[in-house]
Amino acid sequence: MVKNTSEIFAGPTVVQRLGETRSKQELGGHQVRVAAGTVGDAVDTEQEAFERTHRFLSYLPSSCGICVCVRSAAPFGE
């Protein structure tokens, strides 16, 4: 999520009907969403967001057809 650019929220109009006035950032900005766990990371620029996404995706296999190497564990206590 790019700080001060992206929001996830119901909208200021919805909250105003409940008697409160909140900005878009207060309702669903990066600080709210990172604290709530909706978003795992917040960055300052879109370029940084692309770089972090690329790094995250690099940990995943390039195909679902690739088998993951699994070692069989020795029984507990041996």
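The values are calculated or read from the model by the stated rules, or taken from the named source; none is laboratory data. Source: prediction; values computed, not measured. Every residue, glycine as well, gets a Cβ built from its backbone with ideal geometry; the counts of neighbours run over all protein chains shown. Ligands, DNA and RNA are excluded from the accessible area calculation, which covers all protein heavy atoms including side chains. Shrake-Rupley method; radii C 1.70, N 1.55, O 1.52, S 1.80 Å.
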Of all residues in the range 16-33, count the ones that are open to solvent by 60 Å² or more (accessible area, probe 1.4 Å) and part of a helix (DSSP H, G or I).
4
In the range 34-62, how many are loosely packed, with under 10 Cβ neighbours inside 10 Å and under 29 Å from Val14 (Cα atoms)?
2
